[in-house]
Structures are given as C-alpha cells and as structure tokens.
Amino acid sequence: MKNFLSVICFFLVFSGFAQDTLVTHKTRKLLSISHFRSHGIALTKEDSLNWVFHKNDTLVPVENFPSEGLNKVKVRYEPRNEEFLKIYKPAVFGHTEELQEKSTIKVWKDPIKLFFDPSVPEAHRKELLQFSEEVATGIDSLRVTEVQERAKSNFLVFYRNSEEDFDQEQRISNNRNSGFYVSWNGKQQINRGVIKVNAYKVYQEKDQLDLLKYHFFKALGYFHFSPKIPCKGYLSGCPVKRELLSEDLDVLKYHYSYGMCKGIDMESFDKIHRDSRKTLEEHPDAEIFLVHQN
C-alpha cells in the first residue's frame with residue numbers, strides 16, 4: 001500500500017511563469033495540480049479561473065492553497081547527484097525490489113529519549129551517549145537525550161548477560177547476537193525503539209560495543225544497507241568491524257534534512273527528483289521549495 005498519501009508535503013515553484021494573456025511577466029507561486037489530486041484536496045470552480053497551463057501541465061496559484069489549520073515549514077528543495085542517490089536509496093528503501101515496493105522514509109519526529117537498563121555496563125552507556133552526540137552533531141531535527149525513568153523513555157537499551165535473563169523484547173530474535181526493533185505511526189514517524197544485546201553470546205566487550213552502536217545507528221532511520229558504501233561503514237552489508245564513515249553521515253544528514261518529503265515511498269521519491277530536475281532544466285532560474293507539515 002502506498003503510504004505517501006498520509007504525508008503533507010508539497011512543491012512550490014517560484015519562477016517567471018505567466019499566462020499568455022498577460023502583457024508583463026511577474027513572479028508567481030504555482031503548484032502542479034497533480035499534487036492537489038494526489039493528496040485528495042478538492043479544487044473549486046473559482047480556483048480554475050486562475051490556473052496556468054504550461055508545457056502540458058496545469059499549475060495552480062498557491063494563494064488558493066488550503067492552509068487553514070496547517071503548521072507548515074517551507075524549505076528549499078535540496079538537489080542531489082545520482083551518485084549520492086545510489087548510496088541513499090538502498091540504505092533507506094532496501095536493495096531488493098520486494099523491500100523497495102513497501103519501504104518508506106521513516107524518521108524520529110520527537111526527541112529520542114534513551115533509557116539504559118541496569119544490565120548495560122556503565123562504560124557502554126557512556127560510549128553510546130558519546131556516539132549519539134557525534135552522529136547527531138549538526139542535525140537540528142535529530143535530538144538524543146538520556147532519561148532516568150523508563151516510563152519517560154521512548155528507546156530502551158538492555159543486555160541479556162545470561163540465557164536465563166528476562167527477555168524484554170521478544171520480537172528481536174535470540175538466534176542472533178543482537179538486534180533492534182522500532183515502531184512508527186501512520187505518518188511513518190518512528191516513535192519507539194529497542195536494542196537488545198545477547199552479551200552471553202558475545203564474549204569480547206569491544207564486540208558488544210560495536211553491536212550496540214551499529215544497531216543504534218540503523219534504528220535512527222530503520223535503515224537497510226547500501227552496496228555502494230565501503231565495507232567498514234555502518235550502512236554497508238559486510239559482516240566486519242565497523243567505523244563511522246562520511247558516507248554514513250551523509251545519508252543520515254540528508255535523511256533528517258527538510259530538503260525531502262518524509263514518509264514517502266521510493267516511487268514518489270524518484271518522481272520528486274525527476275520532476276525537480278526537469279523543472280530546473282527548463283527554468284534554470286526557478287526556485288523550488290517543499291512545504292512540510294511541522
């Protein structure tokens with residue numbers, strides 16, 4: 001099922017489009033009619049009086065855009081080259097057609113509030129908090145804090161130090177050394193996360209830490225892996241010791257930028273980039289913005 005219909009995110013194109021009947025060209029704010037239709041927004045007969053027809057597309061002045069009750073953020077569209085998109089898309093939507101057909105862009109909308117179970121060593125708690133600060137630096141929309149009460153948290157971290165220890169998240173398979181689990185709402189916003197490390201299966205403390213940071217990074221966007229990322233990266237598919245690479249951080253920063261709509265599937269993601277590139281090729285002076293519901 002397509003999930004992008006639940007997301008409020010529209011294009012605004014600022015350019016020199018003008019109706020043929022106008023003598024002088026003026027800057028107008030226009031939105032393709034397809035974006036209204038795809039979001040189920042009705043347009044009135046009065047709206048149609050102001051439509052602009054340009055290159056087989058119908059454009060609607062955004063002065064008529066229904067904005068009542070919407071808390072909106074307008075951000076300039078952020079174009080990215082094909083090489084970066086070849087890295088980003090498998091990491092977010094998966095590397096197989098089956099995954100890509102059902103995956104959507106997922107982010108944490110609210111701050112991540114980490115709670116560390118007493119089973120987690122103090123040194124591991126400190127190192128993950130330091131790691132979270134490192135990856136979130138410069139990303140205003142990604143905030144990570146620690147809370148002292150489990151009831152006030154939305155992200156649990158726990159270790160099983162023996163096979164008899166209580167399993168606080170059985171949806172993470174014990175056939176593996178470790179894993180993470182996240183859930184999200186209808187807007188594809190992640191609202192809860194868990195990391196489990198079966199420490200009794202992982203003897204070296206350094207290996208436990210590596211797994212802890214690896215799963216935390218992937219839980220920041222329900223990430224898959226990207227074949228285009230070097231083997232030692234967090235978002236690579238290689239079963240090796242990992243380190244944080246610039247490619248990992250580039251994916252994370254773009255993922256949390258407002259330069260792309262959130263909650264959309266890969267088909268919609270590709271269409272936004274394709275349409276934007278086409279607009280910029282035809283109208284180099286155009287300014288393209290995305291309007292998000294905040």
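The values are calculated or read from the model by the stated rules, or taken from the named source; none is laboratory data. All of these numbers come straight from a predicted model, not from anything done at the bench. Here the Cβ positions follow ideal geometry from the backbone for every residue, glycine too, while neighbour counts run over all protein chains shown. Accessible surface is based on the protein model in full, side chains and every heavy atom, while ligands, DNA and RNA are left aside. Shrake-Rupley method; radii C 1.70, N 1.55, O 1.52, S 1.80 Å.
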With a 1.4 Å probe and every protein chain kept in, tell me what percent of the accessible surface of the stretch 217-294 is carbon plus sulfur. 50
Hey, with R₀ at 22 Å, roughly what FRET efficiency would ASP140 and GLU169 work out to, going by the Cβ-Cβ distance, to 0.05? 0.15
Which ³J(HN,Hα) values, rounded to whole Hz and listed in residue order, are derived for the stretch 180-189 from phi using the Karplus coefficients 6.51, -1.76 and 1.60 in 6.51 cos²θ - 1.76 cosθ + 1.60 with θ = phi - 60°, glycine and proline given as x? 9, 9, 10, 10, 8, 9, x, 8, 6, 9
What pairs in LYS109/LYS213; LYS102/LYS206; LYS232/LYS278 have C-alpha atoms more than 32 Å from each other? LYS102/LYS206; LYS232/LYS278
